[in-house]
1. Inside the stretch 103-136, can you point out the residues that are under 19 Å from GLU15 (Cβ atoms) and more than 19 Å from the chain's Cα centre (by Cα)?
2. Can LYS313 be described as free of Cβ contacts under 8 Å to residues at least 40 places away in the same chain and among the charged types (D, E, K, R)?
3. Looking at the stretch 127-138, which of its residues are crowded, with 18+ Cβ neighbours inside 10 Å and out of contact with any Phe, Trp or Tyr (no Cβ under 6 Å at 6 or more places or on another chain)?
4. Six or more apart or on different chains, Cβ under 7 Å: which pairs go from a residue in the stretch 9-23 that's of a type in the set (Ser, Thr, Tyr) to one that's at pLDDT 95 or above and in a helix (DSSP H, G or I)? Could you list them?
5. Please list, ordered by residue number, the helices (runs of 4 or more DSSP H) wholly in the stretch 156-265 having 3 or more residues that are over 20 Å from PHE123 (Cβ atoms) and in contact (Cβ under 8 Å) with a residue 24 or more places away in the chain.
6. Just checking, does the stretch 168-185 include any residue being buried (at least 21 other Cβ atoms within 10 Å of the Cβ) and over 19 Å from the mean Cα position of the chain (by Cα)?
7. Residues in the stretch 107-125 that are of a type in the set (Lys, Arg) and surrounded by 15 or more Cβ atoms within 10 Å (Cβ to Cβ): how many?
8. What are the pairs, 6+ residues apart or on separate chains, where a residue within the stretch 84-112 that is touching a residue at least 12 places away in the same chain (Cβ under 8 Å) has its Cβ under 6 Å from a residue that is of a type outside the set (S, T, N, Q) and surrounded by fewer than 16 Cβ atoms within 10 Å (Cβ to Cβ)?
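The values are calculated or read from the model by the stated rules, or taken from the named source; none is laboratory data. This is a predicted model, so every value here is computed, not measured. Cβ sites come from the backbone with ideal geometry, for glycine too, and all protein chains shown count toward neighbours.
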Amino acid sequence: MEFAELAAIAGGHAEARAIQTALKLGFFELLSDGPRDAQAIAGALRTDPRATMLLANAMVALRLFESEQGTYRIARSAARFLVKSSPEYLGGLILFDEDIFQHWVRLEDSIRSGRPARSPDMFQSDPADTERFIRAMDSLTRARGDATWVAEHLDLDGVATIADLGGGPGTYLAAILRRRTTMRGAVWDLPATLKVARGMLEERERDVMDRIELVEADYLRARLPGPVDAIFMSNIVHGENEADNERLMSACFAAMRSGGLVAIKDHVMNRDLTAPRAGAIFALYLVLTTRGRDYSFEEIAGWLTAAGFVDIKIQALPSPPFTSSLVTARKP
């Protein structure tokens, strides 16, 4: 690794904070209505003109703004990903990262103690936290295209009923049901999450809402509902420890009909837990906020086998843009 690469990685927090701040202050929404100079931006957003100019210049350097003779306009990429009206809006995730930034300064404490920097409650304790988290997950999935890819590639032949376990806003489930007009589905999740999910689904998924059931389910404390033909879960196992994941696979097995499919989408690591790179870095976020980590295919396959599943397979999603894999298995 050369100096420039290392220095860019080590200083990456500055670029992240600049984007978070510009998004939070409303820079991108404002310029989506048309070009403005720094003085006009500052006047509209009630910010300091000099500091506003410097932040706008940083957005130009990051290719999120374009500038000509002191006038700034939003770049195409920013209009695509950083304006709320865009179907690929990534701002929900960026604002979540902005809120969670406070915990990264405690990473040293978590590494020393092995304990999270915040309560590992899956953001259920405070309604504002729940809303921010669920909208972040939806934002990432929609902007990157995960739900569309899963709906197009997951083999659901013969499946009449599917549950999205820990499905949050129902983004994956809605995409699946749009492609399969006779299938019915359910989001199995915690109460605070379902409250947010209902509003989001009613807001933009009315075409499939009549085929979606929202069901309270806590896989750590009670039996899962069922039976269903398939269970899908995205980014669930990485939030739990090894023992809870082994119990989760057994709970899924019990909630499925014979011949049923379980599909697990997550950062699936190599044996050494060092690749993919995104998963190795994301594991530090998990140290700060959960009881879990990213797991290898061998670990996930071991839980599935212990639960009774067979025909265990893995498929890596195309990278870029994706950084995860899909593990599938069948109940005999």
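1. Scanning the stretch 103-136 gives VAL105, LEU107.
2. On the way: free of Cβ contacts under 8 Å to residues at least 40 places away in the same chain: yes; among the charged types (D, E, K, R): yes.
It is true that LYS313 is free of Cβ contacts under 8 Å to residues at least 40 places away in the same chain and among the charged types (D, E, K, R).
3. Of the stretch 127-138, the ones crowded, with 18+ Cβ neighbours inside 10 Å are 129-138.
Within the stretch 127-138, GLU131, ILE134, ARG135, MET137, ASP138 qualify.
4. Close Cβ pairs satisfying both conditions: THR21/LEU55.
5. Qualifying helices (runs of 4 or more DSSP H): 171-179, 242-254.
6. As a first pass, look at the stretch 168-185 and keep what is buried (at least 21 other Cβ atoms within 10 Å of the Cβ): 168-177, 185.
So of that shortlist, the ones also over 19 Å from the mean Cα position of the chain (by Cα) come out as 177, 185.
Within the stretch 168-185, one or more residues are buried (at least 21 other Cβ atoms within 10 Å of the Cβ) and over 19 Å from the mean Cα position of the chain (by Cα).
7. Start the filter on the stretch 107-125 by keeping residues that are of a type in the set (Lys, Arg), which leaves 112, 115, 118.
Filter again for surrounded by 15 or more Cβ atoms within 10 Å (Cβ to Cβ), leaving 118.
Count: 1.
8. GLU88/ARG80
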